[in-house]
Amino acid sequence: MQAREDFRPLYWTMLVLGLFAVLILALGVATVLAFAPLGQHSGYRARVDGVFPYDAQSGQVDGPPSTHFRRDQPFAAQVEWDRLPPTMMVAARWYDSVDAEVASVGPEPAGQLADRTALVPVVTAPERHANLPGTYKLRIIRYSGGQPVELLDTENVVVLLDP
């Protein structure tokens, strides 16, 4: 019969690896809590009245609401900012089909945005000649402490490939 094998090195190796695993888990939980603090759900919902064709010259919407736009047609979302508390810090951001931010308003207190009836326009940049085709997403976000903490509403529109 062979002498008993010494399992202490294996035991210490497993113990050290277990401690590393607990440390990684703790760092993950701390990161989640730092970027999504508990108790940040306000219960408020923003409301988008619609997405309309936009006249960049006048800065006003022009026409009926739509969910489809041509590539060369500017559009803007009309948000009911007055449904939110006037001191709530909010922003609205448009993202194109490759998830790049193409337009934004804020972050500002909702009361200031309501006072000036702030639209959230997407205007084709002169160097691009036209918007990329695909789905554009509007996200209305609440801020606290300078960081986004809650998604209040979303809206999608489709920019069509030219016929």
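Here are the numbers:
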item	result
Qualifying positions in the stretch 39-71 - loosely packed, with under 15 Cβ neighbours inside 10 Å, assigned to a loop (DSSP other than H, G, I, E, B) and without any contact (Cβ under 8 Å) to a residue 60 or more places away in the chain	39, 43, 57, 58, 62, 63, 64
Residue count for the stretch 115-131, restricted to those that are among the hydrophobic types (A, V, I, L, M, F, W, C), outside any strand (DSSP E or B) and closer than 17 Å to residue 51 by Cα	2
Residues satisfying the stated conditions in the stretch 125-163, i.e. among the acidic types (Asp, Glu) and in contact (Cβ under 8 Å) with a residue 12 or more places away in the chain	150, 153, 155, 162
The listed residue being among the aliphatic types (A, V, I, L, M), without any contact (Cβ under 8 Å) to a residue 60 or more places away in the chain and either in contact with a helix residue (DSSP H, G or I) (Cβ under 7 Å, 6 or more places away or on another chain) or crowded, with 18+ Cβ neighbours inside 10 Å (or both), out of 100, 76	76
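Read the figures in this text as sums done on the coordinates, not as results from a lab. Note that the structure is predicted; figures quoted are calculated from it, not measured. Every residue, glycine as well, gets a Cβ built from its backbone with ideal geometry; the counts of neighbours run over all protein chains shown.
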